[in-house]
Structure formats: C-alpha cells, structure tokens
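Report on the following structure.
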Amino acid sequence: MNTPNPPLDRIIRTELALFHKGLHRNRTYYCVHPSGALEVITTVLPTGDPKLDEIVRETVATWTFKPATAAGKPTRACGKSEFNFRFE
C-alpha cells in the first residue's frame, strides 16, 4: 500500500490556505477493486474549498493498494481517510 499525502506546494496556493486560517477537515471515501485499482473516490466531508477537496481526491487517486481478500480471493473493499489542514 502506498498512500502519499497531498502535495504541500499545491495546498498552500488554495483559498483556504491563503485567506481562511484555522483547522479544516476533509473526509474522502474510496473503494478498491479486486485488482487493487481505485474505482470510487468521493468527498464526504468537504473542507469548504472545492480546489483543496479536488487536490485530496487527485492524491487519493494515486494511491496503490494490495487487494483485500475473502476466502483467499481478491474482493472489493471500501474505506475512508480523513485529512486535517491547519492554516495559520
């Protein structure tokens, strides 16, 4: 499994980073196909900045997974990740 964080150089140029200080959360839901490829990526708790949420989804789309298994066979699995951004 490889799950890098969203790139800081893009995050710091978002409206939230520039103009809205404080803590902002994003929760992103995703599903992994039995092949290990991501097939669903959805923001379920937006930060309030569509660009920052897009950066998170684009980052999640680059993640790689080892497929989950059930009874020894690869199976679809879903999960959520939360990202916390604090701008000062």
Segments classed as strands (runs of 3 or more DSSP E), wholly inside the chain, with at least 3 members that are not β-branched (Val, Ile, Thr) = 22-32, 38-45, 77-87
request  = Kindly provide the set of residues from the range 16-55 that are modelled with pLDDT of 95 or more and charged (D, E, K, R), ordered by number.
outcome  = Arg25, Arg27, Asp49, Lys51, Asp53, Glu54
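Table: residues versus (1) aliphatic (A, V, I, L, M); (2) surrounded by 12 or more Cβ atoms within 10 Å (Cβ to Cβ); (3) out of contact with any Leu (no Cβ under 7 Å at 6 or more places or on another chain); (4) farther than 13 Å from Thr3 by Cβ.
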residue	(1), (2), (3), (4)
Thr28	no, yes, yes, no
Leu38	yes, yes, yes, no
Thr43	no, yes, yes, yes
Thr47	no, yes, no, yes
Arg57	no, yes, yes, yes
Lys66	no, no, yes, no
Thr75	no, yes, yes, yes
Glu88	no, no, yes, yes
inquiry  = Among the residues of the range 39-86, what is the count of those that are more than 28 Å from His20 (Cβ to Cβ), without any contact (Cβ under 8 Å) to a residue 60 or more places away in the chain and of a type outside the set (Gly, Ala, Ser)?
reply    = 9
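Of the residues that sit in the range 1-19 and are among the charged types (D, E, K, R) and in contact (Cβ under 8 Å) with a residue 12 or more places away in the chain, which one is surrounded by the fewest Cβ atoms within 10 Å (Cβ to Cβ)?
Within the range 1-19, the subset among the charged types (D, E, K, R) is 9-10, 13, 15.
Within this subset, residues satisfying the condition of being in contact (Cβ under 8 Å) with a residue 12 or more places away in the chain are 10, 15.
Working: Arg10: 15, Glu15: 13.
Residue satisfying both the conditions and the ranking: Glu15.
The values are calculated or read from the model by the stated rules, or taken from the named source; none is laboratory data. Not measured: the values here are computed from a predicted model. With ideal geometry, Cβ positions are generated from the backbone for all residues, glycine too; neighbour counts draw on all protein chains shown.
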